[in-house]
1. Just the residues that are of a type in the set (Val, Ile, Thr) and either open to solvent by less than 60 Å² (accessible area, probe 1.4 Å) or assigned to a loop (DSSP other than H, G, I, E, B) (or both), please, taken from the stretch 307-332.
2. When residues of the stretch 178-224 are filtered for being among the basic types (Lys, Arg) and either open to solvent by less than 70 Å² (accessible area, probe 1.4 Å) or modelled with pLDDT under 90 (or both), how many remain?
3. Might you let me know whether the stretch 342-363 holds any residue that is free of Cβ contacts under 8 Å to residues at least 60 places away in the same chain and either assigned to a loop (DSSP other than H, G, I, E, B) or under 20 Å from Val255 (Cβ atoms) (or both)?
4. Can you name every residue in the stretch 112-143 that is closer than 15 Å to Thr162 by Cβ, in a loop (DSSP other than H, G, I, E, B) and over 24 Å from the mean Cα position of the chain (by Cα)?
5. At positive phi and open to solvent by less than 70 Å² (accessible area, probe 1.4 Å): does that describe Gly277?
6. From the list Pro35, Pro78, Pro109, which one is touching a Phe, Trp or Tyr at 6+ places or on another chain (Cβ under 9 Å), in a loop (DSSP other than H, G, I, E, B) and open to solvent by 50 Å² or more (accessible area, probe 1.4 Å)?
7. Kindly indicate whether any position in the stretch 81-96 is assigned to a loop (DSSP other than H, G, I, E, B) and of a type in the set (Lys, Arg).
8. If you check every pair at least six apart or on different chains, which have Cβ atoms under 6 Å apart with a residue in the stretch 103-120 that is more than 12 Å from Gly144 (Cα to Cα) first and a residue that is open to solvent by 90 Å² or more (accessible area, probe 1.4 Å) and in a strand (DSSP E or B) second?
Amino acid sequence: MTFTIAEIANALGVAFEGQGDLVISSVAEPADAGPDQLAMAMKPEFAKDLSAGQAKAAMMWEGVDWQSYGLKAVLLPPRPRFALSGLSEMMDPGAGFAKGIHPSAVIDPTAELAEDVSVGPFTVIGAGVRIGKGSVIGPQCFIGWDSQIGENAFLHAGVRITERVIIGDRFKAHPGACIGSDGFSFVTPEVSSVEKARETLVDETEAETQAWARIHSLGGVEIGHDVEIGSNTSVDRGTVRSTKIGNGTKIDNLVQVAHNVVIGDNALLCGQVGLGGSTKIGNNAVLGGRAGAADNIQIGDGAILGGGSVALSNVPAGRVVLGYPAMKIESHVESYKGLRRLPRLFRDVADLKKAVSKLMAND
C-alpha cells in the first residue's frame, strides 16, 4: 500500500511542497526513516534527527526551512499531531483478519448478522445477538445473549461481551476487554463494619464474622457511537438500570468502570483509572492515568483529574484537580511546596530552640 505525497496531502487536506509524485510506503521516526518512508519530524527536536536517516520526505510544521534538511518533499499541516491521526489511518495495514465467517465460529441460529459481517475462528455468538453491517468480530471473541452491536464495529481478539449489552456504531474494543461483567455488589445480613466505619469515620472497628451476599446485576450496559475501549478493561453491568457510556468516549487499558456508572460524551479515561459504583462523569472530562473516583460522586463537564488523583467528593465542571484527596491543582501544588519546605522548617525550629535555650542559660 503506497501513496504519493500529493495523494497524502489531498486526503489529509494539508499543504505540501516539493515533489508531489514522490512515493511513500510507510512512516518512520526521522533517525530510522528509509528513502521511501515519510519521516515524522513534526517538531524541531524531532527534525534534528533527520540527518541520521535516509528520508526524502517528512511531515513537518508550517514555516519550516525544510530544504535545509536535504528533503525533496514535505507535508506542512497547521497542526501536525492532528494530521497524524488521518495519516496513521491511511497507513494502518489492519489486523490481518480474513473476511467472512470462519468455519470454527459458533453462531446461534437466532443471531442476526448483516451480510458483510466478518467473524474470526473460535468465536461464539449467542442467541438473539444482532450485529450491524461492516462489523469485524475477531478470533476467540464471545458475544452473549440478546446483545446488540452497531455498524462498522471492530472487536480485536478475545473481547468478551456478555448478555443484554447495547453498543452503537463504529465501536472498537481491544484484546481482553470485557463489557457487561457483574457489578461488585455485596451486602451483609446486619450492618457491616465497613458501613459503620464509613458513617462514623472511626479509626478502628470490631472484628465481625458475617457472610457477604451478592446483589445480582439485573441491568445491562449501553454504549454510544464511536466509543473505543482498551485491552483488559472491564465495564460492569448495572444493578437495576444500565451502566452507560456516551458517544465518542475513549477508554484506555486496564480501566475499571463499576456498576451504574454514567460517562458522558467525548470523555477520556487513561490507563488504570478506577470508577466507583454510580459515579457520574461529565462530557469531555479527562481522567489521567491511575486516577480514581469514589462511588456516588459527580465529575463535572470538562473537569480534569491529573494522574494518580483520587476524587472523594464532587468535582465541579471545568475544575482541574490533583492529589489524594483531589483538590484544586494550585492548592495541591502549594501543599506540595509546603511539604518540601518542612525539613528546612524543622531545622530552623531546632536552631531557634537552641538559641532560646542559650539565651535563657545566660540570664
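The values are calculated or read from the model by the stated rules, or taken from the named source; none is laboratory data. Predicted, not measured: the structure shown is a model, and the values here were computed from it. A quick note on method: Cβ atoms are made from the backbone with ideal geometry, for glycine too, and the neighbour counts reach across all protein chains shown. SASA here: full protein model, heavy atoms, side chains in, ligands and nucleic acids out. Shrake-Rupley method; radii C 1.70, N 1.55, O 1.52, S 1.80 Å.
1. Start the filter on the stretch 307-332 by keeping residues that are of a type in the set (Val, Ile, Thr), which leaves 310, 315, 320-321, 329.
Listed by number, the residues that qualify are Val310, Val315, Val320, Val321.
2. Just the residues of the stretch 178-224 that are among the basic types (Lys, Arg), to begin with: 196, 198, 214.
Checking which are either open to solvent by less than 70 Å² (accessible area, probe 1.4 Å) or modelled with pLDDT under 90 (or both) leaves us with 196, 198.
Summing the residues that are among the basic types (Lys, Arg) and either open to solvent by less than 70 Å² (accessible area, probe 1.4 Å) or modelled with pLDDT under 90 (or both) in the stretch 178-224 gives 2.
3. We begin by selecting, within the stretch 342-363, every residue free of Cβ contacts under 8 Å to residues at least 60 places away in the same chain; these are 342-363.
Okay, now just the ones that are also either assigned to a loop (DSSP other than H, G, I, E, B) or under 20 Å from Val255 (Cβ atoms) (or both), so 363.
The answer is yes; a qualifying residue exists.
4. Correct list: Thr123, Gly126, Ala127, Gly128, Val129.
5. Details: at positive phi: no; open to solvent by less than 70 Å² (accessible area, probe 1.4 Å): yes.
For Gly277, the condition - at positive phi and open to solvent by less than 70 Å² (accessible area, probe 1.4 Å) - is not met.
6. Working: Pro35 fails: touching a Phe, Trp or Tyr at 6+ places or on another chain (Cβ under 9 Å); Pro109 fails: touching a Phe, Trp or Tyr at 6+ places or on another chain (Cβ under 9 Å).
It is Pro78.
7. The first filter runs over the stretch 81-96 and keeps only residues assigned to a loop (DSSP other than H, G, I, E, B), leaving 92-96.
Filter once more, so that each one left must be of a type in the set (Lys, Arg): none.
No.
8. Qualifying pairs under 6 Å: Glu112/Arg130; Val119/Ile101.
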